[in-house]
Amino acid sequence: MKSYAMGHPLNKLIHGCDYNPDQWLDRPDILSKDIEYMKKAGINEATLGVFSWSAYEPVEGEFHFEWLIEVMDRLYENGISTILATPSGARPVWMDHKYPEVMRVDTMGHRNRHGFRHNHCLSSELFRDKVRIIDSKLAKIAGDHPGLIAWHISNEFGGECFCDLCKEKFRDYLRKRFHNDIDELNREWWSSFWSASYNDFSDIEPPYHNGQNALMALKLEWHRFTTYNYADYISVEIDAIKEASLKKDVPITTNLMQRFYDIDYRELSKRIDFISWDSYPKFHNDYETYEDTMGESAFDHALLRCLKKDKPFFLMESAPAHVNWMDYNKLKRPHVHDQFSCQTVACGSDSIQYFQWRRSRGGAEQFHGAVMDHSGSTDTRVFKDVAHTGEVLKKIAQIEGSVKKNEAAVIFEWDCWWSIDVSGGFSRNTKKYDITCMDHFKSLMPFGVEADVISVNDDFSDYKLIIAPMLFLIRPETIEKMKDYVSNGGILLATYMTGYVNENSLCYEGGFPGNGLKDLFGIINDEIDTLYPSDRNGISMNGETLTVKDYAELLRLIDAEAIGTYIDDFYKDMPAITCKKYGKGKAYYQAARIVNEDMGKLVRLLLSDAGINTKDLPSGIEYHARFTDDCTYEFYFNVGEAPAEVTGLKGTDILNGEVINGNVTILPKRYIILRT
Ligand code: GLA
Ligand code: ZN
């Protein structure tokens, strides 16, 4: 099943890297070795020009693209394609000195000086014009190059600007959003509190650190505005490329990041043709197991993949070795690169790419791992690991274009995340919306069940089980969708902190969960207890105990059944997990945060009600699958510390062609891929 609406860029699995030849233009010896060594490592793609603005336009209006075309030609002649970035990730110094408005203003109202990267004012029309010029020139010169397989817009968008231009744009955005009616805004923002009412839209300021910081709806809307401005800005770049390029069908992406707070990626994703993202898991840390880190990686892939959930995504960057920006930059242990890369493919990626091909001799990332390190040798452990991945990708090439099909989903919403975060109350340290969504996703993995990570706007009817953790901000239309879903036979789990506020962070009246959700779940949540880190409670359910931490709500039953009750404290024996039959389905409510180790006790019940097939996996084995119309690719990873025997396997091991019918023992950090 090929599902690339735009046509798959390569029709093969991509093995690529960020490549910065502009740092080495005076070193032809290095540049010619690069091609030779890329081929040796099985590299078939290079991402060029990510930060090349000052090489393209060293002084305003003077352009140099010869070197780029020369490099693209040479790569192409050697079977290596190009993903071409627009250079807007960092600005040349001349621009900042001549046009200071392009530099960002911080939350205290101070303008940056020139330096660093990713710090432009996206509202500046002047900056946008400069970007249009360089992007159009690039598209004219390189847009129909036969080696070009995709465009990569800018780099890792993020951050906010509090300048006067952004302030004005924010006010215009609010005028539209609130029908040019300041009274409507005041009502919706509850701005009579602490005398915060506005007389006019021109009174409104962004939430400066030293300014209006206590109006929850203002802070929430500022996040939405920031997203809006990024989406608006990326269209400038995309339009410039599409207009100027002779080849209009080259797909366009931008590299996204891990659970990124600043931008609602769903809005940004609408503008691009395929999803790509940069993954840097904190392997071998001292606070969680390797299995946990791999589970986190699986969640992150699912969240990013599901931004366009019926297509494979691209891993645009990963570290072939260590990075240089973590608190502790630990080396990847043997086999980890191999296993992580294959897990990425198992989770739906059609590419493994690296930051970066060759370490720079100087600059901020001179000690960041790269395929080629300062020794210039291909005899290094890291180079051999990368070359091995190149071999693996060739062997498993048939996987390209296959897709994921999941029957379970976890809801993840950016504005819910922001709303929980800006709300007063609970505990600053334990809200952890994103981690909680991840923990629910991970709770399915021991059963061999993968979940999609979806929006409330996605089609619920694709799923037998939906888990909606902490859906604090909820719109009336979502409530109706949930009711339809359950009455048509769906199994839904909602948790503590569901349905507290509307889209403007105004609390629902009449008890939580608000606005009709009480009917669906058959409960009223009267209070929420915030636990100290050392506090524990428990839930007794079907003769088992589930340990509770962080949050516990006190429920009154309307017409749900209490299937679990609190064990301790003054709310002992009160309902903690409830279930209500609603139409053909069931609505479960989990009133307290259950520790990860005990989530399986609840999940088992949900999966069985949903009729989702589970796998009997030994401890330490992580399972994923990809599908075509004709076959399934099953991936088994040993992420534990000991050898593990997987039983009842049937299929062909696509790495060595061996036919398997029975049990296979997988060593730690190794994996098998079966075609069944
Ligand atoms: C990000 C950036 C790269 C590089 C790497 C380092 O992903 O996109 O330019 O800085 O981080 O890990
Ligand atoms: Zn600005």
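The values are calculated or read from the model by the stated rules, or taken from the named source; none is laboratory data. Source: prediction; values computed, not measured. Methodologically, a virtual Cβ is constructed for each residue, glycine included, from the backbone with ideal geometry; neighbour enumeration extends over all protein chains shown. For accessibility, only protein heavy atoms count, side chains too; no ligands or nucleic acids. Shrake-Rupley method; radii C 1.70, N 1.55, O 1.52, S 1.80 Å.
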Tell me yes or no: at least one residue of the stretch 621-637 is open to solvent by less than 70 Å² (accessible area, probe 1.4 Å), under 30 Å from Gly564 (Cβ atoms) and polar (S, T, N, Q). no
Anything in the stretch 76-85 that is in a loop (DSSP other than H, G, I, E, B) and either within 16 Å of ligand 2 (Cβ to nearest atom) or open to solvent by 20 Å² or more (accessible area, probe 1.4 Å) (or both)? List them, or say none. Asn78, Gly79
So is Glu184 outside any loop (DSSP other than H, G, I, E, B), surrounded by fewer than 16 Cβ atoms within 10 Å (Cβ to Cβ) and away from ligand 1 (no atom under 16 Å from the Cβ) or not? yes
Give me a count of the residues in the stretch 109-146 that are over 17 Å from Asp239 (Cβ atoms), open to solvent by 70 Å² or more (accessible area, probe 1.4 Å) and within 14 Å of ligand 2 (Cβ to nearest atom). 2
From the option list Met95, Met108, single residue qualifying as farther than 25 Å from Leu256 by Cβ and assigned to a loop (DSSP other than H, G, I, E, B) is Met108
Take the conditions in the same structural domain as Tyr500 (by TED's automatic domain parsing) and outside any helix (DSSP H, G or I) and apply them to Gly369. Does it pass? no
Looking at the stretch 145-164, I want the residues that are without any contact (Cβ under 8 Å) to a residue 12 or more places away in the chain and have a partner that is more than 16 Å from ligand 2 (Cβ to nearest atom) and in a loop (DSSP other than H, G, I, E, B) with Cβ atoms under 8 Å, at least 6 apart or on another chain. Which pairs are those? none
Near pairs, Cβ below 9 angstrom, 6+ apart or cross-chain, from the stretch 320-339 (open to solvent by 80 Å² or more (accessible area, probe 1.4 Å)) to any residue that is not in a loop (DSSP other than H, G, I, E, B): Leu331/Arg381; Leu331/Val382; Arg333/Tyr290; Pro334/Arg381; Pro334/Asp385
Do the conditions hold for Ser202, that is, is it within 16 Å of ligand 1 (Cβ to nearest atom) and either in a helix (DSSP H, G or I) or within 30 Å of Leu246 (Cα to Cα) (or both)? no
Take the residues in the stretch 292-319 that are surrounded by fewer than 20 Cβ atoms within 10 Å (Cβ to Cβ) and closer than 23 Å to Lys669 by Cβ; name whichever of them is nearest to ligand 1 (Cβ to nearest atom). Thr293
Given the options Ser88, Ser32, Ser54, name the one that is assigned by TED's automatic domain parsing to the domain that holds Lys395, within 25 Å of His120 (Cα to Cα), open to solvent by 30 Å² or more (accessible area, probe 1.4 Å) and hydroxyl-bearing (Ser, Thr, Tyr). Ser54
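This table checks each residue for (1) closer than 16 Å to Ser443 by Cα; (2) assigned by TED's automatic domain parsing to the domain that holds Ala552; (3) open to solvent by 80 Å² or more (accessible area, probe 1.4 Å).
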site: Tyr571; (1), (2), (3): no, yes, no
site: Pro575; (1), (2), (3): no, yes, no
site: Lys581; (1), (2), (3): no, yes, yes
site: Glu597; (1), (2), (3): yes, yes, yes
site: Leu602; (1), (2), (3): yes, yes, no
site: Leu606; (1), (2), (3): yes, yes, no
Matching residues in the stretch 91-105 - criterion: being open to solvent by less than 10 Å² (accessible area, probe 1.4 Å) and away from ligand 2 (no atom under 16 Å from the Cβ): Pro92
Of the residues in the stretch 116-136 that are within 15 Å of Pro87 (Cα to Cα) and part of a loop (DSSP other than H, G, I, E, B), the one that is farthest from ligand 1 (Cβ to nearest atom) is Leu122
In the stretch 180-213, what residues are among the aromatic types (Phe, Trp, Tyr) and either modelled with pLDDT under 95 or on the phi < 0 side of the Ramachandran plot (or both)? Trp189, Phe193, Tyr198, Phe201, Tyr208
Expected output for the stretch 251-278 (first residue free of Cβ contacts under 8 Å to residues at least 40 places away in the same chain, partner open to solvent by 10 Å² or more (accessible area, probe 1.4 Å) and of a type in the set (A, V, I, L, M, F, W, C), Cβ below 6 Å, 6+ apart or cross-chain) is Ser269/Leu307; Ile275/Leu307
